[in-house]
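Worksheet: the structure to be examined is printed underneath.
The values are calculated or read from the model by the stated rules, or taken from the named source; none is laboratory data. Small disclaimer: the values here were computed from a predicted structure and weren't measured. Please note: Cβ atoms are built from the backbone with ideal geometry, for glycine as well, and neighbour counts cover all protein chains shown. All accessible areas refer to the heavy atoms of the entire protein, side chains included, with ligands and DNA or RNA removed. Shrake-Rupley method; radii C 1.70, N 1.55, O 1.52, S 1.80 Å.
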There are 2 protein chains.
Amino acid sequence: MLTRSQVLSAQARAAQMLAQAGIAITPEEHQNVEVAEFGLGELEKTGLELVVYVNTDRYCAKELILFPRQTCPEHRHPNTAGNPGKMETFRCRWGQVWLYVAGEPAPAPQGRPPMGSEAFYTVFHEICINPGEQYTIPPDTLHWFQAGDLGAIVSEFSSSSHDESDIFTDLRIRRIPEVI
Amino acid sequence: MLTRSQVLSAQARAAQMLAQAGIAITPEEHQNVEVAEFGLGELEKTGLELVVYVNTDRYCAKELILFPRQTCPEHRHPNTAGNPGKMETFRCRWGQVWLYVAGEPAPAPQGRPPMGSEAFYTVFHEICINPGEQYTIPPDTLHWFQAGDLGAIVSEFSSSSHDESDIFTDLRIRRIPEVI
């Protein structure tokens, strides 16, 4: 759970990173930057900032902003009632991001699960995404990602987004932000 | 129809505009920049350059690059066999673009149909899109757009893209590029 002051501070920091990367957002989008701290109380380590550009019943586009070494924890977008889960393409715009999916584990991964949460990270096949590079994650596929030392800005292009149905490996996680 | 040399020149110019706006693409994407001249032989006036990031059966994302005052001619994405046509969101990243759809015509439109093709432009409700601003076009909706004096870079987020089924007001137009 975040205080209003923590939210405003994270929003300002995210907006500053976007500006530095030459990515324009409106004042309204700045005010609405979503600060996801996943209920763990350690936003700097486990968290994600999002600008949702559009989310219709057909497609979705967001900008994801990660502070240096910030981690979006392991999760998947499940198939439901005969419908495939969310499919998403991550395109790095600025900085660097390491994405982890199932497969041959990296012998020396560049990202590290946040200390104290190691048990909730189970896939370690590493994809390093630099600016201009991208990777598409199929539906219902476990994945997590972490920014490099400078942070990262990642465009997410996807099918419709239903964050509330995401399934996290760490059952302590609450995806929908709560502000006190 | 374009010569190979014209294609290479337009690709280089588009890549330069992207670089200037801080938008990274891979060398392979540079080589594959699509140069659409619509079969009219006047690329500077009527044309569009595209980088297709991803186009699946669920969603699509592209970067559209328009040279100064370059125009994407009036067209719509038709509904077919019970399926709604393509729905698309244009988000301006750099420069300025004027989008025209049906509705109250602008008393003094900032864009102008390319000279000699005026008969094929029928909608004049103007939406001016600056960096950080966006507009969503419903399926089967006539629209055209033109860049401002500096050109424009526009992210297009959409449902699946099937360019070959686009319907243009100007029946002379050939959407799929031909290179001689």
The lone exception for residue B:180 - which of (1) touching an Asp or Glu at 6+ places or on another chain (Cβ under 7 Å); (2) surrounded by fewer than 20 Cβ atoms within 10 Å (Cβ to Cβ) it fails: (1)
Single residue of A:73, A:68 found to be assigned to a loop (DSSP other than H, G, I, E, B) and either touching a residue at least 40 places away in the same chain (Cβ under 8 Å) or crowded, with 23+ Cβ neighbours inside 10 Å (or both): A:68
Selection count where residues are in a loop (DSSP other than H, G, I, E, B), of a type in the set (D, E, K, R) and free of Cβ contacts under 8 Å to residues at least 12 places away in the same chain, scope the stretch B:18-45: 0
Residue A:133 being touching a residue at least 24 places away in the same chain (Cβ under 8 Å), under 16 Å from residue A:162 (Cα atoms) and in contact with a Cys (Cβ under 9 Å, 6 or more places away or on another chain): no
Pick from the stretch A:76-96, criterion in a strand (DSSP E or B) and open to solvent by 60 Å² or more (accessible area, probe 1.4 Å), ranking: nearest to residue A:13 (Cα to Cα): A:76
Residue match in the stretch A:63-74 (condition: of a type in the set (D, E, K, R), closer than 30 Å to residue B:22 by Cβ and more than 14 Å from chain B (Cβ to nearest Cβ)): yes
Residues that are touching a strand residue (DSSP E or B) at 6+ places or on another chain (Cβ under 9 Å) and over 22 Å from residue A:33 (Cβ atoms), drawn from the stretch A:166-180: A:167, A:169, A:170
The stretch A:130-160 - residue that is among the hydroxyl-bearing types (Ser, Thr, Tyr), open to solvent by 10 Å² or more (accessible area, probe 1.4 Å) and not in a strand (DSSP E or B) and, of those, farthest from the other protein chains (Cβ to nearest Cβ): A:141
Residues within the stretch B:145-180 that are at pLDDT 90 or above, touching a helix residue (DSSP H, G or I) at 6+ places or on another chain (Cβ under 7 Å) and over 17 Å from residue B:51 (Cβ atoms), tallied: 2
Residue in the stretch A:24-36 that is of a type in the set (Asp, Glu), within 12 Å of the chain's Cα centre (by Cα) and open to solvent by 10 Å² or more (accessible area, probe 1.4 Å) present: yes
